[in-house]
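Below is one structure, written out as structure tokens, with a few remarks after it.
The values are calculated or read from the model by the stated rules, or taken from the named source; none is laboratory data. Everything numeric here is computed off the predicted structure, so don't read it as measured data. Backbone-built Cβ (ideal geometry, glycine too); neighbour counts: all protein chains shown. Heavy atoms of the whole protein, side chains included, go into the accessibility calculation; ligands, DNA and RNA do not. Shrake-Rupley method; radii C 1.70, N 1.55, O 1.52, S 1.80 Å.
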Amino acid sequence: MNTTASPCPLCNSTLCGEPLPTQDYNWKTPGTFTFVQCSACGLLRQDPIPTPSRIAETYPDDYGEALARETLAITAKINSRANLARAALIRKHAVGPGSICDIGCGPGFFLALMRSRGWKTAGIEPLAASAQYAQEVLGVDSVFNSRWPSDADLKIRADVVCMFHVLEHLRDPVRALKSAG
């Protein structure tokens, strides 16, 4: 049993399992990121929880520009195994197609897939280059370059709200989930 640098944002426990250090294997962002699983409630999260300045360092403005240099075809990214699994999960639990909002939508590959399946799409993405890519390259409408939930005044209404690889980076995931409801 280990203790964390910061209390669990869900249950406030500082007890966790073995820390799991990792790197950004997708975009090669410098640095090591440590994840822990709370022993009390099971939440998997970064520890320490990143400060806003650390998040800005991790995801600089040019983070999304690597997309233009990718060698894989756009259709391969849209139809990646992860996006197909996400779409299947939504199909299993939601009547659709309807409207979907992807918070932290990145360059919009998942939204492009859902749009191709008849869904009305919207996204929120804090990185300007990624939001721009979603709109200009993939043609995904309603992708807002915004931080969430602090900019939640966007008033997006959706039948389905999803967040993939988002909560583990937030200082207050409980507030974020409440804002999505």
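Looking only at the stretch 120-136, count every residue that is open to solvent by 40 Å² or more (accessible area, probe 1.4 Å) and either among the charged types (D, E, K, R) or within 29 Å of residue 95 (Cα to Cα) (or both) and tell me the total.
4
Please state which of the following conditions residue 35 fails to meet, knowing it meets all the rest: (1) outside any loop (DSSP other than H, G, I, E, B); (2) under 21 Å from residue 147 (Cα atoms).
Result: residue 35 passes all but (2).
When you go through (1) open to solvent by less than 60 Å² (accessible area, probe 1.4 Å); (2) aliphatic (A, V, I, L, M); (3) at pLDDT below 95 one by one for residue 111, which number turns out not to apply?
Single failed check for residue 111: (3).
Pairs please, first residue from the stretch 14-33 and surrounded by 10 or more Cβ atoms within 10 Å (Cβ to Cβ) and of a type in the set (A, V, I, L, M), second anywhere and modelled with pLDDT of 90 or more and in a loop (DSSP other than H, G, I, E, B), Cβ atoms under 7 Å, 6+ apart in sequence or on different chains.
Qualifying pairs under 7 Å: 15/39; 15/40.
Among the residues in the stretch 81-90, are any under 19 Å from residue 110 (Cα atoms), at pLDDT 90 or above, of a type in the set (A, V, I, L, M) and open to solvent by 80 Å² or more (accessible area, probe 1.4 Å)?
Yes - at least one qualifying residue is present in the stretch 81-90.
State whether the residues of the stretch 99-106 include one that is open to solvent by 60 Å² or more (accessible area, probe 1.4 Å) and not acidic (Asp, Glu).
Within the stretch 99-106, not a single residue is open to solvent by 60 Å² or more (accessible area, probe 1.4 Å) and not acidic (Asp, Glu).
Out of all the residues in the stretch 42-52, which are part of a loop (DSSP other than H, G, I, E, B) and closer than 14 Å to residue 4 by Cα? Talk me through it step by step, then tell me what you get.
We begin by selecting, within the stretch 42-52, every residue part of a loop (DSSP other than H, G, I, E, B); these are 42-43, 47-51.
Scanning the stretch 42-52 gives 42, 43, 47, 48, 49, 50.
Among what's in the stretch 1-13 and is polar (S, T, N, Q) and more than 19 Å from residue 55 (Cβ to Cβ), pick the residue that is least open to solvent (accessible area, probe 1.4 Å).
The qualifying residue least open to solvent (accessible area, probe 1.4 Å) is 13.
When you scan the stretch 145-165, do you find a residue that is in contact with a helix residue (DSSP H, G or I) (Cβ under 8 Å, 6 or more places away or on another chain), modelled with pLDDT of 80 or more, open to solvent by 50 Å² or more (accessible area, probe 1.4 Å) and over 21 Å from residue 97 (Cβ atoms), even just one?
Looking for residues that are in contact with a helix residue (DSSP H, G or I) (Cβ under 8 Å, 6 or more places away or on another chain), modelled with pLDDT of 80 or more, open to solvent by 50 Å² or more (accessible area, probe 1.4 Å) and over 21 Å from residue 97 (Cβ atoms), one finds at least one in the stretch 145-165, hence yes.
Among all residue pairs at least 6 apart or on different chains, which show Cβ distances below 6 Å where the first residue, located in the stretch 159-175, is in contact (Cβ under 8 Å) with a residue 60 or more places away in the chain and the second is open to solvent by 40 Å² or more (accessible area, probe 1.4 Å)?
173/167
Quick one: count up the residues across the stretch 1-32 that are assigned to a strand (DSSP E or B) and of a type in the set (Val, Ile, Thr).
Qualifying residue count for the region: 2.
Identify all residues within the stretch 24-42 that are in contact with a Ser or Thr (Cβ under 9 Å, 6 or more places away or on another chain) and closer than 16 Å to residue 11 by Cα; write none if there are none.
Within the stretch 24-42, 36, 38, 39, 40, 41 meet the criteria.
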